[in-house]
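Peer 1: Just passing along the structure, written as structure tokens.
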Amino acid sequence: MTMKVKAIEKKLKFTKDPNDAGVYRYVMSPEQYSSLNQKKVIKEAALRSGVSQGVMQACWDAAGEVIKAWATEGHSVALPGLGTMRFGVRGKSVEDVNDVKSSLITSRRIIFTPTVDLKDELKNTAIQITCIDRNGDVVKRVTSTDDAEVEDPENSLTPDPSPTGEGSENQNQGGSTGDNTGGGNSGGSAGFETEGE
């Protein structure tokens, strides 16, 4: 299994000066594969599991509804074989409690945290790079030998000791008051990420 990446030579400008001629740089981006629609995924899953497509469709729909419902309650919900998903928000920090209001929230987020096995699969996947010059010609092909570091969404922002809290993420994991696998308002793990003003 390999990931395919294109490094395309493009002219980049770093200023708004109309006299800036720009510089050419090779810019890397992953090749876009075709999107697999839900019907194709369900058909393949049914073949692999030995159940009918109708049963697989019903299970798929039910699992989606359960994940959506529990995530909105603040739970971190398991996605079979992949990891966990939870909802979170980004917001600004304030010093005075009287200034706390919903308008401080700047965005709502969906946070996916992969399993160790999934991260290992990605880490062990080779990356093939095709270099294409400004004329559209392929000038080089190479298989990367990078350090294979896999970004961890849970730790991508390190705590910042500054008073503004810029760049810190508070996981906001309250103590559970009920069964973590069921409904109800148990303390979930909806992440809240603070931003500096």
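Peer 1: Any idea how many residues of the range 31-51 are polar (S, T, N, Q) and either in contact (Cβ under 8 Å) with a residue 12 or more places away in the chain or surrounded by 12 or more Cβ atoms within 10 Å (Cβ to Cβ) (or both)?
Peer 2: 1
Peer 1: List pairs: first residue in the range 114-127 and under 13 Å from Thr84 (Cβ atoms), second residue surrounded by 16 or more Cβ atoms within 10 Å (Cβ to Cβ) and polar (S, T, N, Q) anywhere in the structure, Cβ distance under 9 angstrom, at least six positions apart or on different chains.
Peer 2: These pairs meet every condition: Pro114/Thr84; Thr115/Thr84.
Peer 1: Being open to solvent by 100 Å² or more (accessible area, probe 1.4 Å), under 30 Å from Tyr26 (Cα atoms), at pLDDT 90 or above and not in a strand (DSSP E or B) is true for just one of Arg141, Arg134. Which residue is that?
Peer 2: Being open to solvent by 100 Å² or more (accessible area, probe 1.4 Å), under 30 Å from Tyr26 (Cα atoms), at pLDDT 90 or above and not in a strand (DSSP E or B) holds for just one of Arg141, Arg134, which is Arg134.
Peer 1: Restricting attention to the range 12-22, and to residues there that are in contact with a Phe, Trp or Tyr (Cβ under 9 Å, 6 or more places away or on another chain) and not in a strand (DSSP E or B), which single residue is most open to solvent (accessible area, probe 1.4 Å)?
Peer 2: Result: Asp20.
Peer 1: Continuing with this model, one more query. With respect to Arg25, determine if the residue is basic (Lys, Arg) and either assigned to a loop (DSSP other than H, G, I, E, B) or farther than 25 Å from Thr125 by Cα (or both).
Peer 2: Answer is yes for this residue.
Peer 1: Please state which one of Gly81, Gly54, Gly64 is within 22 Å of Thr125 (Cα to Cα), out of contact with any Gly (no Cβ under 9 Å at 6 or more places or on another chain) and either touching a residue at least 12 places away in the same chain (Cβ under 8 Å) or in a helix (DSSP H, G or I) (or both).
Peer 2: The match here is Gly81.
Peer 1: Another question about this same structure. Take the conditions of a type outside the set (D, E, K, R), surrounded by fewer than 15 Cβ atoms within 10 Å (Cβ to Cβ) and closer than 17 Å to Val150 by Cα and apply them to Asn124. Does it pass?
Peer 2: yes
Peer 1: I'd like the full set of residues that are under 23 Å from Glu151 (Cα atoms), crowded, with 16+ Cβ neighbours inside 10 Å and in contact with a Pro (Cβ under 9 Å, 6 or more places away or on another chain), limited to the range 67-112.
Peer 2: Result: Gly83, Thr84, Ile111.
Peer 1: So, in the range 1-46, exactly how many residues are among the small types (Gly, Ala, Ser), closer than 27 Å to Trp60 by Cβ and under 21 Å from the mean Cα position of the chain (by Cα)? Spell out how you get there, then give the answer.
Peer 2: Residues of the range 1-46 among the small types (Gly, Ala, Ser): 7, 21-22, 29, 34-35, 45-46.
Applying the additional criterion that residues be closer than 27 Å to Trp60 by Cβ yields 34-35, 45-46.
Checking which are under 21 Å from the mean Cα position of the chain (by Cα) leaves us with 34-35.
Qualifying residue count for the region: 2.
Peer 1: Given the criterion at pLDDT 90 or above and not in a strand (DSSP E or B), identify the matching residue among Ala7, Ala46.
Peer 2: One residue alone meets the criteria, Ala46.
Peer 1: Go through Met3, Met28 for me and flag whichever is touching a Pro at 6+ places or on another chain (Cβ under 7 Å), open to solvent by 50 Å² or more (accessible area, probe 1.4 Å) and among the aliphatic types (A, V, I, L, M).
Peer 2: Met3
The values are calculated or read from the model by the stated rules, or taken from the named source; none is laboratory data. On a predicted model such as this, the values are computed, not experimentally measured, just so you know. In this analysis, Cβ positions are derived from the backbone assuming ideal geometry, glycine residues included, and neighbour counts consider all displayed protein chains. Accessible surface is based on the protein model in full, side chains and every heavy atom, while ligands, DNA and RNA are left aside. Shrake-Rupley method; radii C 1.70, N 1.55, O 1.52, S 1.80 Å.
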